[in-house]
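Data first, discussion second: the structure below is written as structure tokens.
Any read-out appearing in this document is the output of simple, stated calculations on the displayed coordinates, not a laboratory observation. What you see is a predicted model; the values in this text were computed from it and never measured. Cβ: placed from backbone, ideal geometry, glycine included. Neighbour counts: every protein chain shown.
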Amino acid sequence: MVPSRDEALAILHEFTSSDALRKHALAVEAAMRAYAESRSADVNLWGVTGLLHDFDYEKFPSLEDHPRRGSEILAERGIDEEIRTAILGHGNHTGVPRTTDMARTLFAVDELCGFLTACALVRPDRRIAEVPVASVKKKLKDKAFARGVHRDDITQGAQELGVELDAHIAFVRDALARIGPELGLG
């Protein structure tokens, strides 16, 4: 079964109380929906996959558990295998190959959404729409900035999608700008 957006949000809220993690899920959802629209793919399918990709992280943060435990929970709830497989592949540590465009896109947008959020938060106006691509690329080189973000995943993600890094950054930034106020970045 492919859950509705409301059903996916209910699962996210059931397992995730952190405002930051919820906002990250919304950001990844927005990027996934935008890419789905641009590729004439199923917008709801891609969106709920983005919403659910880290729903288990707060309860199971270790690499051994996340996202495997979450996939098991989703399977018990009858969630579609395509969603679960994409979620399993959103981290290189699982060894699950990304064989669909949706899975490659989830991997490509996950770390970038977090990094773009960090870039917006250090701006005086905190507006995601105003973050220049050149500034993002400069901050990518600064290993002290947003240390938890895996920069190699951002570049690898763009490569797996077959898009130039600058275009990928701008595309995801613009997707997040659509919901900037909801993310606290408007």
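Only helices enter this figure: runs of n ≥ 4 DSSP H residues, each worth -39500 (n - 2.57), summed and divided by the residues of the chain, yield -19000 deg cm²/dmol at 222 nm to the nearest 500. Loop-located trypsin sites (Lys or Arg not before Pro) in the stretch 100-164 (DSSP state not H, G, I, E or B) with no more than 10 neighbouring Cβ atoms inside 10 Å: LYS143, ARG147.
Remark: relative contact order (the chain) = 22 percent; criterion is Cα-Cα distance under 8 angstrom and separation of 6 or more residues. Were the residues from THR94 through SER4 laid out at 0.36 nm apart, the gain over their Cα-Cα distance would be 29.7 nm.
Ellipsoid semi-axes for the chain, based on the Cα gyration tensor and the rule √(5λ), read 25, 17, 16 Å when sorted largest first. Backbone geometry of the stretch 160-173 corresponds, through the Karplus equation with coefficients 6.51, -1.76 and 1.60 at θ = phi - 60°, to 3J(HN,Hα) couplings of 5, 7, x, 10, 5, 4, 4, 5, 5, 4, 5, 4, 5, 4 Hz, x marking Gly and Pro.
Loop-located GluC sites (Glu not before Pro) in the stretch 26-66 (DSSP state not H, G, I, E or B) with no more than 11 neighbouring Cβ atoms inside 10 Å: GLU64. Checking every one of the trypsin sites (Lys or Arg not before Pro) in the stretch 3-64 against DSSP loop status and a limit of 16 other Cβ atoms within 10 Å picks out ARG39, LYS59. Computed FRET efficiency, Cβ-Cβ of ASP125 and GLU81, R0 30 Å: what is it to the nearest 0.05? Step by step, r from the Cβ atoms, then E = 0.10.
Distance from the alpha carbon centroid of the stretch 102-131 to that of the stretch 6-76 works out to 16 angstrom.
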